[in-house]
Amino acid sequence: MTRSHWPALAASLALAMALAAPADAQRRRDREALAELETRVGVLERQIRADNVVALINAQDELRREIQALRDMMERLDQDLRRNAELRRSQFAVLDERLAALEAARLSPPPLPDRLADAGAEPGAPGDASIPAPDLPGGLPPESEPQAGTAAGSQENYQQARVLLGEGRYEAAAAEFLRYLESEEAGALAANARYWLGETYYVQGLYQEAGEEFSQVVANYPDSAKVPDALLKLGYTQDELGDTATAMLTLERVRQDFAGAEAASLATLRLAQIEARSR
């Protein structure tokens, strides 16, 4: 290359450098813009993640509050059901006591005439046929019509047991019912005695013993008027003992077999309580 060519070469190099400078600057600006975009994207991603976390935390807190509110509601409902159950149980106990007192009053014989009391004679006793036995006012109630051959002592046990039951002396009443049943298992009042024996256990919270007595009424005295009540109370005891499934079957049987009776209405009420309790 001759010296004459150097000016042209220099001019070419200068031109190349002049053209390359703007390209480098553009590339730098592009890199800077890209870096800025990447930074902004990173900031946005962090904000989105933070917002999502906050939203999830808020949603979780809201769910916890709703769950706690539902638990509080369930506890209040459970307390209400328990109070209602206790109220009804107390009402039933009062009704049973009043019924026992009324029945005992009807079973109690009237005082002897003075002439019989002075003579020490028993009305209607053998050898004294000229003096008739006094009639009970209104006659005996249907459940108290003794069969022939019922021992006087056993009848007295039953009457005394009903009086004790009406007074709330449940253990003493149970003992008298048992004394009656020992000698009159097949007597006219046996089904009633067995039922009321179960009641004495039930009001004391002895649900296992009560259930056994109610079961015997249903199984051994199928024609007794006490069967609907005994079956109802059997369902109650099964529920109290935690055998809810069997209790529901028993109560449903009361509803179907004794539709229209008070026992069926009470069975429907207890079934509704069980269903509400299981929700």
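For region 177-191, what are the residues that are surrounded by fewer than 23 Cβ atoms within 10 Å (Cβ to Cβ) and either among the acidic types (D, E) or in contact with a Lys or Arg (Cβ under 8 Å, 6 or more places away or on another chain) (or both)?
L181, E182, E184, E185
Name the residue, out of F258, F214, that is touching a Ser or Thr at 6+ places or on another chain (Cβ under 7 Å), under 27 Å from G166 (Cβ atoms) and not charged (D, E, K, R).
F214
What tally of residues in region 203-221 results from selecting those that are surrounded by fewer than 17 Cβ atoms within 10 Å (Cβ to Cβ) and part of a loop (DSSP other than H, G, I, E, B)?
The number of residues fulfilling the criteria is 2.
Rundown of residues vs (1) over 10 Å from the mean Cα position of the chain (by Cα); (2) polar (S, T, N, Q); (3) assigned to a helix (DSSP H, G or I); (4) closer than 23 Å to Q216 by Cβ, yes/no style:
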| position | (1), (2), (3), (4) |
| --- | --- |
| A230 | yes, no, yes, yes |
| G235 | yes, no, yes, yes |
| R253 | yes, no, yes, yes |
| Q256 | yes, yes, yes, yes |
| S265 | yes, yes, yes, no |
| R270 | no, no, yes, yes |
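Consider E199 carefully, then state whether it is at pLDDT 55 or above and either closer than 22 Å to L231 by Cα or touching a Leu at 6+ places or on another chain (Cβ under 8 Å) (or both).
Taking the combined requirement at face value, the residue satisfies it.
Go through region 168-186 residue by residue and tally those that are of a type outside the set (A, V, I, L, M), free of Cβ contacts under 8 Å to residues at least 40 places away in the same chain and assigned to a loop (DSSP other than H, G, I, E, B).
Of the residues in that region, 3 qualify.
Here's a check for you: in region 141-168, which residue that is small (G, A, S) and at pLDDT 50 or above is surrounded by the most Cβ atoms within 10 Å (Cβ to Cβ)?
It comes out as A161.
The values are calculated or read from the model by the stated rules, or taken from the named source; none is laboratory data. Please read these numbers as outputs of a predicted model, since none were measured by experiment. All Cβ positions, even for glycine, are placed from backbone atoms using ideal geometry, and neighbour counts span all protein chains on display.
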